[in-house]
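The values are calculated or read from the model by the stated rules, or taken from the named source; none is laboratory data. Quick caveat, the model's predicted, so the values are computed rather than measured. We place every Cβ from the backbone using ideal geometry, glycine too, and count neighbours over all the protein chains shown.
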Amino acid sequence: MDQAHGLKQLLLERRLGAHAERPPRVIAIGGGKGGIGKTSITVNLGIALSQRGRRVMVLDADLGLANVDVLLGLNPRWTLLDLLDGRCPIEDLAVAGPEGLEVIFSCSGNRRMTHLDITERAAIVRAFDELDPWPDYLLVDVAAGLSDDVLMFCAAADEVIMVACDDPSSMTDAYATMKILTMDCGVKDFQLLTNMMPPTSDGSRIHERLLRVSSSYLNTSVNHLGNIPMDDYMRRAARSQKPLICDWPGSPAALAIRALAEAVERLPTRSDMGRPIRFFLRQHAMGSFA
């Protein structure tokens with residue numbers, strides 16, 4: 001690393017440190033497998049936190065098949081592509097959603113967004129450092145799979161929530177994602193959210209299985225953060241492009257999501273908040289995520 005690059009990194013770390021008094025909590029929500037409700041959880045959790053008086057921003061980080069806009073029935077003018085091309089600064093990118101939620105959209109069906117180079121990925125992470133004021137929570141809805149984009153957003157987060165349902169492939173994919181994040185990105189602590197569970201299940205069986213294998217083979221911790229039951233109202237909300245927690249607030253899943261928001265609020269503020277973004281920037285400097 002040459003002297004100029006080292007100075008640039010130092011200035012960036014100082015800028016990150018300026019937010020140390022009240023750092024936002026950056027939460028990546030993933031799971032490996034598609035179709036397990038990550039986007040619905042992200043949107044409704046964001047609204048639940050907003051209803052608790054928090055400033056919340058959702059980033060649709062499924063760079064190739066973004067669908068937060070579809071779920072909310074919104075038609076954004078600007079997307080992350082406009083940010084990368086210099087047409088829109090980060091502070092003008094957010095769209096007002098329900099209950100004060102702010103949303104930053106990616107775009108769907110654009111091949112370029114699925115082939116970002118390392119400089120473009122780093123530009124996205126750096127842009128969020130420039131938000132002023134920062135939100136209390138930045139919820140990142142990551143794509144399915146194990147692309148470099150998924151690893152990037154999870155590595156840059158303070159917390160990683162793994163969503164899993166009562167399906168063998170979902171549990172396998174969740175473990176595979178945790179394994180790669182641990183071995184390649186140094187992520188050691190995970191939050192598990194069990195979703196679409198039968199009424200008789202609290203998700204503890206899935207948690208026990210993932211905890212057993214991850215602690216034995218990965219030396220990681222897995223905390224069971226919450227459990228969302230199967231709920232037909234969730235499907236109805238998706239079809240009507242309305243948030244479940246707004247239009248069906250008394251439904252079982254909506255009540256569980258409010259409990260999830262309470263659990264998120266109780267997560268301890270660690271002394272290394274902000275470290276994950278610095279980790280990502282070091283990885284970028286060394287040529288990782290290429």
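Which of the residues spanning the stretch 259-268 are part of a loop (DSSP other than H, G, I, E, B) and in contact with a Lys or Arg (Cβ under 9 Å, 6 or more places away or on another chain)?
If we filter the stretch 259-268 for residues that are part of a loop (DSSP other than H, G, I, E, B), which is where we start, we get 267-268.
Matches in the stretch 259-268: LEU267 only.
Hey, does the stretch 57-72 have a residue that's under 28 Å from MET234 (Cα atoms), at pLDDT 90 or above and in a loop (DSSP other than H, G, I, E, B)?
For the stretch 57-72, residues under 28 Å from MET234 (Cα atoms), at pLDDT 90 or above and in a loop (DSSP other than H, G, I, E, B): absent.
Could you check the stretch 221-236 and list, in sequence order, the residues that are in a helix (DSSP H, G or I) and under 21 Å from the mean Cα position of the chain (by Cα)? Walk me through how you get there before you give the answer.
Keep residues of the stretch 221-236 that are in a helix (DSSP H, G or I), which gives 232-236.
Matches in the stretch 221-236: MET234 only.
Suppose we filter the stretch 64-85 for residues that are exposed (fewer than 15 other Cβ atoms within 10 Å of the Cβ) and of a type in the set (A, V, I, L, M); how many remain? Talk me through it step by step, then tell me what you get.
The initial filter retains those residues of the stretch 64-85 that are exposed (fewer than 15 other Cβ atoms within 10 Å of the Cβ), namely 70, 73, 75, 77, 85.
Pick out the ones that are also of a type in the set (A, V, I, L, M) and you get 70.
Within the stretch 64-85, residues that are exposed (fewer than 15 other Cβ atoms within 10 Å of the Cβ) and of a type in the set (A, V, I, L, M) number 1.
Could you go through the stretch 168-182 and let me know if any residue there is surrounded by fewer than 24 Cβ atoms within 10 Å (Cβ to Cβ), among the charged types (D, E, K, R), closer than 22 Å to VAL56 by Cβ and out of contact with any Leu (no Cβ under 7 Å at 6 or more places or on another chain).
Looking only at the stretch 168-182, we keep the residues that are surrounded by fewer than 24 Cβ atoms within 10 Å (Cβ to Cβ), and these are 168-173, 175-176, 179-180, 182.
If we keep only those that are among the charged types (D, E, K, R) as well, we get 173, 179.
When the remaining residues are screened for being closer than 22 Å to VAL56 by Cβ, the result is none.
Within the stretch 168-182, not a single residue is surrounded by fewer than 24 Cβ atoms within 10 Å (Cβ to Cβ), among the charged types (D, E, K, R), closer than 22 Å to VAL56 by Cβ and out of contact with any Leu (no Cβ under 7 Å at 6 or more places or on another chain).
Among the numbered criteria (1) touching a helix residue (DSSP H, G or I) at 6+ places or on another chain (Cβ under 6 Å); (2) closer than 21 Å to ILE47 by Cα, which one does ASP136 miss?
Tallying (1) touching a helix residue (DSSP H, G or I) at 6+ places or on another chain (Cβ under 6 Å); (2) closer than 21 Å to ILE47 by Cα, ASP136 fails exactly one: (1).
Please work out which residue is farthest from ILE29 (Cα to Cα), limiting yourself to the stretch 51-88 and to residues that are within 20 Å of the chain's Cα centre (by Cα) and among the charged types (D, E, K, R).
Ranking the qualifying residues of the stretch 51-88, first place goes to ARG52.
Among the residues of the stretch 36-56, which ones are surrounded by fewer than 24 Cβ atoms within 10 Å (Cβ to Cβ), in contact (Cβ under 8 Å) with a residue 12 or more places away in the chain and not in a helix (DSSP H, G or I)?
If the condition is that a residue be surrounded by fewer than 24 Cβ atoms within 10 Å (Cβ to Cβ), in contact (Cβ under 8 Å) with a residue 12 or more places away in the chain and not in a helix (DSSP H, G or I), then GLY37, ARG52, ARG54, ARG55 are the ones that fit.
Only one of VAL103, VAL125, VAL163 is crowded, with 23+ Cβ neighbours inside 10 Å and under 28 Å from THR220 (Cα atoms); which?
Working: VAL103 fails: under 28 Å from THR220 (Cα atoms); VAL125 fails: crowded, with 23+ Cβ neighbours inside 10 Å.
Just one listed residue meets the conditions, VAL163.
Considering only residues of the stretch 197-250 that are acidic (Asp, Glu) and within 30 Å of VAL187 (Cα to Cα), which is surrounded by the most Cβ atoms within 10 Å (Cβ to Cβ)? Outline the logic, then answer.
We begin by selecting, within the stretch 197-250, every residue acidic (Asp, Glu); these are 202, 208, 231-232, 247.
Within this subset, residues satisfying the condition of being within 30 Å of VAL187 (Cα to Cα) are 202, 208.
Details: ASP202: 15, GLU208: 12.
Filtering first and then ranking leaves ASP202.
Among (1) touching a Phe, Trp or Tyr at 6+ places or on another chain (Cβ under 7 Å); (2) more than 19 Å from GLY64 (Cα to Cα); (3) surrounded by 22 or more Cβ atoms within 10 Å (Cβ to Cβ), which single condition is CYS88 missing?
Only one criterion in (1) touching a Phe, Trp or Tyr at 6+ places or on another chain (Cβ under 7 Å); (2) more than 19 Å from GLY64 (Cα to Cα); (3) surrounded by 22 or more Cβ atoms within 10 Å (Cβ to Cβ) is unmet by CYS88, namely (3).
Does the stretch 241-258 contain any residue that is touching a helix residue (DSSP H, G or I) at 6+ places or on another chain (Cβ under 6 Å), among the small types (Gly, Ala, Ser) and not in a helix (DSSP H, G or I)?
Within the stretch 241-258 (the criterion being touching a helix residue (DSSP H, G or I) at 6+ places or on another chain (Cβ under 6 Å), among the small types (Gly, Ala, Ser) and not in a helix (DSSP H, G or I)), the answer is yes, since at least one residue qualifies.
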